[in-house]
Amino acid sequence: MTNGTTDTDATWIQWAVKEITADYTRSSDTHLLKCSLPILDRYDIHLYFKDESTHPTRSLKHRLARSLFLHGLCSGWIRQGQSIVEASSGSTAVSEAYFCRLLNLPFIAVVPEDTSVNKIKEIEFLGGQIRRTSAEAIYDSAADLADDLGGYYMDQFTRAEQATDWRGNNNIAESIFQQLTHEKHPIPRYIVVGAGTGGTSATIGRYIRYSLIDGERPELVVADPEGSVFYDYFHTGDQTLTSNMSGRIEGIGRPRVEKSFIRAVIDSVIRVPDTASIAGLRFIEGLLGKKVGGSTGTNVFAVFQLISQMIESHTAGSVVTLLCDDGERYTDTYYSDSWLHQQGLDISDHISLIEQFAKLGKL
């Protein structure tokens, strides 16, 4: 074999790819849930949630982790017995721990000190180890640790947009459009997603340009939490932007511009206050009958802003967003009134705004 890859390496890589493929085949596609509100029915607006909480690791990041592992394996970067290290606020680490257990690889997650306790428990349950550090230091700490161990730094924030097959292969974009085929408005007016690595928005934005070359196409909107730089980067193009982001809304928003965030495929970015995100997740629980995470709440508030504009302009159509992860992970934070009090957050004004939207279609 060439480039340092032995016959033994190649045999193991072949086995590992088959194991991941078999695991994927055992998992059915995630559901597209239709959300019904009388105000939406009145204006012929159809709202859908792509429910990514039904993956084996209960979040959208399961897709990313699978892609990252296949990318690393097929590039010859991941070897048998090698330690895998990742910098993650939680959900990506949970999913990567799952695939490391599948492939019998040691896994270490370098996480910010304020990462959800429930996510830490999930990582450890799947066999992963935890290294805590400051949010600013997770990148360098993870890279240095992988170096020290002779391991592989997965580096989701650089490789997310590289690893995902945006042209199809049942990626999230292709799945959404297939599931909308028989709906009244099969081409959405808007698709709304959050951005952490930027991999999901890059995949959907590229797929839209690749597959919908004739006629109408949806606008891709990123919902960005307060303190994140993506909103300002989208409007200025300044890649050097940084912030002192507190990171209350886990999984989305970043204190720096990530390499996988592809600005050119996004149509607009909406900034959402943390109180609006939490109000949104609590409201949507009542409509869907299940708890959702903070990033879903961010999506919800941005979606309601866009639907308000559609109603004002008498524009019918569909809107798709993501139910990013299982809200049971956040019972001690977003669903806890005592946590809100500790954080100095009052969501009452945004709850009132959302309730007004549900009645009048205005936000």
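Any chance you could give the angle, 0 to 90 degrees and rounded to 10, that helix 294-312 forms with the longest Cα principal axis of the chain?
30
Taking R0 as 51 Å, what FRET efficiency do you get between residue 101 and residue 314 from their Cβ-Cβ distance, rounded to the nearest 0.05?
Details: r = 52 Å, r/R0 = 1.02.
Result of the calculation: an efficiency of 0.45.
When the helix-only estimate is applied to the chain (DSSP H runs of n ≥ 4, each -39,500 (n - 2.57), divided by the residue count), what is the mean residue ellipticity at 222 nm, nearest 500 deg cm²/dmol?
Values: 14 runs with 163 residues, N = 363.
That comes out to -14000 deg cm²/dmol.
Could you please report the charge total around residue 110, scoring K, R as +1 and D, E as -1 over all other residues with beta-carbon less than 9 angstrom from its beta-carbon?
My count for the surroundings of residue 110 gives +1.
What accessible area per residue, rounded to a whole number of Å², is obtained for region 43-83 using a probe radius of 1.4 Å?
Details: 1240 Å² over 41 residues.
Per-residue accessible area for region 43-83 comes out at 30 Å².
So how many Å³ per residue does the convex hull of the Cα atoms of the chain work out to? Kindly include the intermediate steps, with their values, before the conclusion.
Working: hull volume 50.1 nm³, N = 363.
Dividing the Cα hull volume of the chain by its residues yields 138 Å³.
Give the separation of the Cα centroids, region 289-349 to region 61-112, in Å.
Here the two parts' Cα centres lie 29 Å apart.
Beyond 16 Å, what percent of the Cα pairs of region 1-56 remain? Write down the numbers at each step before the final one.
Details: 1016 of 1540 pairs.
More than 16 Å apart: 66 percent of the Cα pairs in region 1-56.
So which of 34/290; 50/121; 184/291 end up more than 18 Å apart, counting from Cα to Cα?
50/121; 184/291
Working out 0.36 nm times the residue gap between residue 10 and residue 355, then minus their Cα-Cα distance, what length gain in nm do you get to one decimal?
On the way: separation 345, 0.36 × 345 = 124.20 nm, distance 5.74 nm.
Separation in residues times 0.36 nm, less the Cα-Cα distance, equals 118.5 nm.
Any idea what angle helix 348-360 forms with the longest principal axis of the chain, computed on alpha-carbon atoms, 0 to 90 degrees, nearest 10?
60
Determine the gain in length on full extension of the stretch residue 31-residue 338; use 0.36 nm per residue of separation and subtract their C-alpha separation, reporting nm with one decimal.
So the chain would gain 107.2 nm between residue 31 and residue 338.
Note down the relative contact order for the chain as a percent, whole number, built from C-alpha pairs under 8 angstrom at least six residues apart.
With pairs under 8 Å counted, the relative contact order is 18 percent.
How are the alpha carbon pair distances in region 235-293 distributed across 10 Å bins from zero to the largest one, expressed in percent?
17, 42, 29, 12, 0
Within region 90-114, name every residue whose backbone N is under 16 Å away from a label modeled 7 Å from Cα of residue 140 along the Cβ vector.
111-112
On a 0 to 90 degree scale, rounded to 10, what angle separates helix 61-74 from the longest Cα axis of the chain?
Once rounded, one gets 30 degrees.
Mind giving me the nanometre distance, one decimal, between the label points for residue 288 and residue 54, set 7 Å out from Cα along Cα→Cβ?
Spacing of the two 7 Å Cα→Cβ label points: 1.2 nm.
With a 10 Å radius around each residue's Cβ, average the other Cβ atoms per peptide and rank 267-276, 347-356, 188-197, highest first.
Ranked by mean Cβ neighbours within 10 Å, highest first: 188-197, 267-276, 347-356.
Before anything else, pin down the relative contact order of region 230-306: Cα pairs under 8 Å, at least 6 apart, normalised by residue count, whole percent.
Relative contact order here is 28 percent.
Can you tell me the order of 174-185, 324-335 when each peptide is scored by its average per-residue count of other Cβ atoms within 10 angstrom, highest first?
Highest mean packing first, the order is 324-335, 174-185.
What number do you get for region 253-363 when its Cα radius of gyration is normalised by 2.2 N^0.38 Å, N = residues?
Rounded to two decimals, the normalised Rg is 1.13.
Put +1 on the Cβ of each Lys and Arg and -1 on the Cβ of each Asp and Glu in the chain; which of 302, 91, 22 then has its Cα farthest toward the positive end of the dipole?
Selected residue: 22.
The values are calculated or read from the model by the stated rules, or taken from the named source; none is laboratory data. In this text, all values refer to a predicted model and were calculated from it rather than measured experimentally. For neighbour counting, all protein chains shown are included, and Cβ atoms are generated from backbone atoms with ideal geometry for every residue, glycine included. To get the accessible areas, we keep the full protein, side chains included, count just its heavy atoms, and leave off ligands, DNA and RNA. Shrake-Rupley method; radii C 1.70, N 1.55, O 1.52, S 1.80 Å.
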